[in-house]
Protein chains: 2
Amino acid sequence: MLTDLAIAPGDVIRAAARISEFVNRTPVLTSRRLNELLGTELFFKCENMQRIGAFKARGAHNAVLALSPEKAARGVLTHSSGNHAAALALAARSRSIDAIIVMPENAPAAKVASVRRLGGEIHFCEPTIDAREATAAALMEERGATLVPPYNDPMVMAGQGTAAMELLEEIPGIDAILAPVGGGGLMAGTATIARYLMPDIQIIATEPEQANDAYLSWAAGALVDADPPNTIADGLRTTLGDKNLPILRAHLDRFVTVSESAIVDAMRLVWEVLKIVIEPSSAVPVAAILEKRVDLANARTGIILTGGNVDLDHLPWQSR
Amino acid sequence: MLTDLAIAPGDVIRAAARISEFVNRTPVLTSRRLNELLGTELFFKCENMQRIGAFKARGAHNAVLALSPEKAARGVLTHSSGNHAAALALAARSRSIDAIIVMPENAPAAKVASVRRLGGEIHFCEPTIDAREATAAALMEERGATLVPPYNDPMVMAGQGTAAMELLEEIPGIDAILAPVGGGGLMAGTATIARYLMPDIQIIATEPEQANDAYLSWAAGALVDADPPNTIADGLRTTLGDKNLPILRAHLDRFVTVSESAIVDAMRLVWEVLKIVIEPSSAVPVAAILEKRVDLANARTGIILTGGNVDLDHLPWQSR
């Protein structure tokens, strides 16, 4: 039943009002040449131009801004090391509270620097899941900080849905919307608001073939163990959250997976034609169209480009 | 006297009306982080997202669309091999006429492919200026085609000015505007319309130190011979046009040059923070701010980002 789902459309709508002054209303880009090449009319929601370079700023702000003053005063905490860590540091700074970020001691220097620049308080731990969780638990106990998980959390999911909400409000008559799935927070928020605003819209989830746990779980109707992820789309190596799965089951029309080579080709195509920097995860829905895994002929198609944080010294097409 | 200048503000205003249905109204991007880093409030006019990936689509369309039906029927011609060649091929296609492009036989394969994709009729010649001009002259004689020069032409200059016009109309209260100078067509169009729309605006030209012929000519008040250009900003290796110089003399407040390393640093900074792909020429005005060659503290500063056509296999910071 829809009433059992972790979030409802109203949660996304309230999130949009809550976060609007702290996040960017990102542009929607189009390209006549890409439309010709791909045979569908594409509208790209550019979350690569979001603050901290990824949609994660939305969910983190929603979770932080919704805390009671008492809870907020004790700070927030996460043990993600990717874009969510930077997003949480920024959101905490927006509210002038502490962000405690637990990171493995082998985290990339760029990610450490990014969290530090945003004022995050970094605690290093050994690079195992157990060490992360133990370090986080000890700090939560000691400081009374609130855990903000990267995706398996209703406030985070609702915040991520605001990107699709802006897209659907700005561009009339969207027939289909595509986004990538990692932990499922973005896809859950997107599906929830898209089904509400445009009941007949096609909602299509996309994932790398080589990190297809969410696809398998969606098809099975229960979280399943999949092979370890082995994809260039580093943002999508996480496993699907149990709060996200029922929402994907309730709202998705289709779920397609894509090859690694199509991800790289799609990423390069977007750089060359749209002239924007996107990370491999962002290219996954574009790859689904490029590989003809979906039929969107004559449709008006929205795509959430999730982020643009890449190492400009090492681009994927240069290592092939 | 202003009345001796090759173009007047009305020419830019008429160009805007003439070309509007054929070119993109490109977005204006901003970044809180870049504003903090550079100490001025920046508004980036993204001509890298223009059709063919550069502002050149504007001038070429203005020149082609203004031709009489009789002249247009005999086609247009150029012997530039850069973005202007692709722009002219596109503009000719917009009017369903022939574009004759004279190119040296050693032109990069990507530029040849781009002109061909747009339906341009390519005539190869030996890679010397004499051979280009002789080949072009013979074709003009034979076909009766109209020459559309890349920058030393009033219709082209007026068309290029429409980018600044859109920026100044969209963003209120711009205090300063910066653009790069190669042949001077963009800078002349920009200066003409900016001085008219915002009489008190600071108009600042920028050029690589290692391709500073326009700066030297502007300072001397006459076209001067400079050292051969040796800059990564390949779009700015051309020499200033004699029709552009008087306009730059009439309207510029300042003319600053920048180092090669600042161009590469500025280019990378824009890729990393704005998440857009720009070519080295586009980075030159940003480099002027990064190197503190201009004082724009507390100003609202417009920058024309001229284009985004780069070889994604070889990025300048990777070869250092």
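A short reminder: the numbers here are calculations on the coordinates, not readings from a lab. Please read all numbers here as calculations on a predicted model, not as lab measurements. Using ideal geometry, Cβ is built from the backbone for each residue, glycine included, and neighbour counts are taken over all protein chains shown.
Segment B:Glu141..B:Asp200, full-extension length gain: 16.6 nm, with 0.36 nm per residue of separation and the alpha-carbon distance subtracted.
Magnitude of the Cβ-charge dipole of region B:12-103, K/R +1 and D/E -1, about the Cα centre, nearest 20 debye? Write out the running numbers ahead of the final one.
Numbers: 13 positive and 6 negative charges, 27 e Å.
It works out to roughly 140 debye.
Distance from the Cα centroid of region B:17-34 to that of region A:54-130 is 35 Å (rounded to whole angstrom). Its Cα centre serving as origin, region A:57-147 has a Cβ charge dipole (Lys and Arg +1, Asp and Glu -1) of approximately 500 debye.
What is the calculated FRET efficiency for A:Arg254 to B:Phe124, with r their C-beta to C-beta distance and R₀ = 41 Å, to the nearest 0.05? About 0.25, to the nearest 0.05.
Loop sites by DSSP among the GluC sites (Glu not before Pro) of chain A, restricted to those with at most 15 other Cβ atoms within 10 angstrom, leave A:106-320 as the longest stretch without any of them.
With Cα atoms defining each centre, region B:135-154 and region B:282-320 are spaced 33 Å apart in the structure.
Between A:Ala110 and B:Asp242, take the C-beta separation as r, use R0 = 41 Å, and let me know the FRET efficiency to the nearest 0.05.
Numbers: r = 48 Å, r/R0 = 1.18.
E between A:Ala110 and B:Asp242, to the nearest 0.05, is 0.25.
Between A:Lys292 and A:Arg33, residue separation times 0.36 nm minus the direct Cα-Cα distance comes to 91.5 nm.
Along the axis of the charge dipole computed for chain B (Cβ charges of +1 for Lys and Arg, -1 for Asp and Glu, origin at the Cα centre), the listed residues B:Leu178, B:Ala89, B:Leu5 are led at the positive end by B:Ala89.
With a threshold of 21 Å on the Cα-Cα distance, the over-threshold entries among A:Lys275/B:Lys56; A:Lys292/B:Lys111; B:Lys45/B:Lys111 are A:Lys292/B:Lys111; B:Lys45/B:Lys111.
Over all residues in B:274-286, what is the mean tally of Cβ atoms on other chains that come within 10 Å of each residue's Cβ?
Numbers: counts 6, 17, 9, 8, 1, 1, 0, 0, 0, 0, 0, 0, 0.
Per-residue shielding by partner chains comes out at 3.
Who wins for biggest fluctuation among B:Ala179, B:Ala297, B:Ala66 in a Gaussian network model of chain B, springs between alpha carbons below 10 Å? Of B:Ala179, B:Ala297, B:Ala66, the Gaussian network model singles out B:Ala297 as fluctuating most.
Just counting partner chain Cβ atoms within 10 Å, what average do the residues of peptide B:45-54 show around their Cβ? Average neighbour count from other chains, rounded to a whole number: 3. Using just its DSSP H runs of length 4 or more, each adding -39500 (n - 2.57), the protein assembly as shown gives a mean residue ellipticity at 222 nm of -13000 deg cm²/dmol after division by all residues.
Of the trypsin sites (Lys or Arg not before Pro) found in region A:1-82, those in coil by DSSP whose Cβ has at most 13 other Cβ atoms within 10 Å are A:Arg25. The charge dipole of chain B, taken about its Cα centre with unit charges on the Cβ of Lys, Arg, Asp and Glu (plus for the first two, minus for the last two), comes to roughly 880 debye.
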